[in-house]
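The values are calculated or read from the model by the stated rules, or taken from the named source; none is laboratory data. All values derive from a computational prediction rather than experimental measurement. Glycine gets a Cβ as well: all are built from the backbone with ideal geometry, and neighbour counts include every protein chain shown.
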Amino acid sequence: MKAYAILDGGGVKGAALAGCLKAAEEQKIEFLGYGGTSAGSIIAFLAAVGYTGEELHKIMTQEIQFKDFLDDSGVLLERLKELPGKLKNPGWKSVLVLWKHKDLIHTLTDKFGLYRAHKLQEFLLQRVVDKFPDFKGRAQITFEDLRQKGCPLLKVVTSDLGSRIPRVYSALGGHEFNGSALDAVRASMSYPFVFRPVKMNEQYLVDGGLCSNLPLFLFEQERNKDGLPVIAFDLESAPASAGDGYGFRNFCGDMMSTALESADHLQQRMIQGIHHVRIPIPEGIDTLDFNLTADQCETLFLAGHSATHSFFSLRVPQWGQVTNQVERLQALHVSPKLVVPVLQAIAKEFESETPAQNVRCHIMLPTDHGTRIIVYQFGMDNDADSDLELGMDAGCSGAAWSMRKPIVADLIEAKKNYESAWKMSKTQQNKVRADRQTMFSVPMFDLRTAGDALIVDNLREIGVLSIDTATSLEQTQWLNERKAYVVQKGKEWADILSRILQ
Amino acid sequence: MVNPSGIRLPDGENLKVEVVNPGIYSIENAYEGQFEYFDDRPIDVSTQISETAAPASVLSESAPASRK
């Protein structure tokens, strides 16, 4: 099964994401793209470069030393964490505390963050060179470099303080294709005040989590194009309690966490159809706990692995049984058991309400390689065209897809000019059952987006419903006496099937 | 929610058929007319189109320039 992965930000909790990818790999999920924010962008970067789940396991639990990414091994950070508590006492003692921490305050006011985190970039660069030795000696790795190496699509989210918007960096679009992936990752994980912002093009870029810690929108364009599933791996910490002992430090931490995570809950309501894997983070592990032990990293890895394994086993168990392209599409939508009876009802209705006889019915859905294939059918079990695969605009159904309108076709006429008018090869034409004379195709639209679209032009197409018969076009009356009935019924069945498929 | 099958031509108007290619006929105005959610209570879709806001554009998918 092919899919896209979105990885949540979570500071030092990234080991859990490695566990998620390992479990997904065990389920034979092939990610065509990785995207993420902050720690999610680091794991996304490593996965895109080619590190397997097991390799990520080793990196995140044995090799990585988070405190090494802090230039002074975390001394300043610990002082920063303790500062709010020390300022609790009013009067001259607070002034004294501020005086003692003037170097810390100066670093913050002068550099906007405590650490440069150059070691993180060196760490990532070395990991890339380990996979691609010809990059040795390079100071930067661009998105375009990774694309040319055939790596899966990588998307990194940062927050642009100048424009006050999220910026998504990838090799896909825009005008600067040779940008630095390392800088983008470094900017994405610039946790406010801990890491210094990255300055690019006279703009400060900081932690992408300020805009979207779990950027569910990252692969919407790809999803609309190829229909592949998007899986979001969400690191969920236990709710904070404001009980006894809750102090200013807790308040600041919770406020920052709320700023980083609250917008994602709104996004989850707006963006539908994303597979959401929730990973409960074990208590006692904090986003900024750079002194994480190897055992804690292993615990995180297992939490991610377990949650993801459960998700695949319980929520989408059919994914693991897929053996071919048709089954893959059926697994992504709905079991044929729920669709075929509807197709049978359509065929019987057209036989009883119009002069058409020997009616078959099918649904073609787009594949991930620019074609359409019959995924659900009634009356075609023993026919050679039951697995017909065509170009997006080929055949009667292709005309309905490309023109976004109901199409009626005279198949006898089609046989005369299948290449020029129908864009079908001889092999494809020969597969069509010989007795077919007439076909009616109607587009199926994504009704989940219908709330935002008052005209059909704005709806996304998901497939085409087609009905064919051994009766001639003239005798079916589909283009004369029964035209209004056929078009209206076709539209209604297409809407019903769209609902079932989604 | 507007479902395409709810959009129907007003009484008296006919579906227009165009020949796309020999043997291929398209129904040109299949999705034109009025929207009916409940029977016999049409909603004029055309007057509401202008009220829909354009989707917000928040993404800029260009890679960052390398620091010199």
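Brief remarks on what is shown
- Screening the candidates A:14, A:19 for the property of being over 24 Å from residue A:195 (Cα atoms), in contact (Cβ under 8 Å) with a residue 40 or more places away in the chain, crowded, with 23+ Cβ neighbours inside 10 Å and out of contact with any strand residue (DSSP E or B) (no Cβ under 7 Å at 6 or more places or on another chain) yields one hit, A:19.
Let's see how each residue does on (1) aliphatic (A, V, I, L, M); (2) within 9 Å of chain B (Cβ to nearest Cβ); (3) buried (at least 20 other Cβ atoms within 10 Å of the Cβ):
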{"position": "A:461", "(1), (2), (3)": "no, no, no"}
{"position": "A:467", "(1), (2), (3)": "yes, no, yes"}
{"position": "A:473", "(1), (2), (3)": "yes, yes, yes"}
{"position": "A:490", "(1), (2), (3)": "no, yes, yes"}
{"position": "A:497", "(1), (2), (3)": "yes, no, yes"}
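- Of all residues making up region A:464-502, the number that are β-branched (Val, Ile, Thr) and over 15 Å from residue A:347 (Cβ atoms): 3
- Among the residues of region A:369-406, those that are among the small types (Gly, Ala, Ser), over 22 Å from residue A:339 (Cα atoms) and away from chain B (no Cβ under 14 Å) comprise A:370, A:391.
- Pairs linking a residue in region A:50-76 that is touching a residue at least 60 places away in the same chain (Cβ under 8 Å) to a residue that is surrounded by 14 or more Cβ atoms within 10 Å (Cβ to Cβ) and among the basic types (Lys, Arg), with Cβ atoms under 7 Å and 6 or more positions apart or on different chains, are A:50/A:131; A:57/A:22; A:69/A:119; A:74/A:67.
- Filter result for residue A:140 (facing chain B (nearest Cβ under 10 Å), surrounded by fewer than 19 Cβ atoms within 10 Å (Cβ to Cβ) and either in contact with a helix residue (DSSP H, G or I) (Cβ under 9 Å, 6 or more places away or on another chain) or modelled with pLDDT of 85 or more (or both)): yes
- Yes/no for residue A:88 being of a type in the set (D, E, K, R) and either under 30 Å from residue A:225 (Cα atoms) or not in a loop (DSSP other than H, G, I, E, B) (or both): no
- All told, residue A:414 falls short of being assigned to a helix (DSSP H, G or I), modelled with pLDDT of 90 or more, facing chain B (nearest Cβ under 10 Å) and buried (at least 18 other Cβ atoms within 10 Å of the Cβ).
- Yes/no for residue A:423 being touching a strand residue (DSSP E or B) at 6+ places or on another chain (Cβ under 6 Å), surrounded by fewer than 20 Cβ atoms within 10 Å (Cβ to Cβ), within 14 Å of chain B (Cβ to nearest Cβ) and not acidic (Asp, Glu): yes
- Residue list for region B:8-22, restricted to those being of a type in the set (A, V, I, L, M, F, W, C) and at the interface with chain A (Cβ under 10 Å from one of its Cβ atoms): B:9, B:15, B:17, B:20
- Sole residue being surrounded by fewer than 24 Cβ atoms within 10 Å (Cβ to Cβ), in contact with a Phe, Trp or Tyr (Cβ under 6 Å, 6 or more places away or on another chain) and not aromatic (Phe, Trp, Tyr), chosen from A:197, A:239, A:192, A:229: A:197
- Qualifying residue in region A:251-265 (condition: in contact with a Leu (Cβ under 6 Å, 6 or more places away or on another chain) and buried (at least 17 other Cβ atoms within 10 Å of the Cβ)): yes
Here's the yes/no breakdown for (1) assigned to a helix (DSSP H, G or I); (2) away from chain B (no Cβ under 14 Å):
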{"residue": "A:211", "(1), (2)": "yes, no"}
{"residue": "A:214", "(1), (2)": "no, yes"}
{"residue": "A:222", "(1), (2)": "yes, no"}
{"residue": "A:233", "(1), (2)": "no, yes"}
{"residue": "A:241", "(1), (2)": "no, yes"}
{"residue": "A:250", "(1), (2)": "yes, yes"}
{"residue": "A:253", "(1), (2)": "yes, yes"}
{"residue": "A:258", "(1), (2)": "yes, yes"}
{"residue": "A:262", "(1), (2)": "yes, yes"}
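- Checking each residue in region A:189-203 for being more than 12 Å from chain B (Cβ to nearest Cβ) and either of a type outside the set (A, V, I, L, M, F, W, C) or under 17 Å from residue A:40 (Cα atoms) (or both) picks out A:189, A:190, A:191, A:192, A:195, A:196, A:197.
- Taken over region A:340-386, the residue count meeting the criterion of being modelled with pLDDT under 95, of a type in the set (Val, Ile, Thr) and in a loop (DSSP other than H, G, I, E, B) is 1.
- Test for residue A:171: is it within 11 Å of chain B (Cβ to nearest Cβ), outside any helix (DSSP H, G or I), touching a Lys or Arg at 6+ places or on another chain (Cβ under 7 Å) and of a type outside the set (Phe, Trp, Tyr): yes
- Check on residue A:434, in contact with an Asp or Glu (Cβ under 7 Å, 6 or more places away or on another chain), more than 13 Å from every other protein chain (Cβ to nearest Cβ) and of a type outside the set (S, T, N, Q): no
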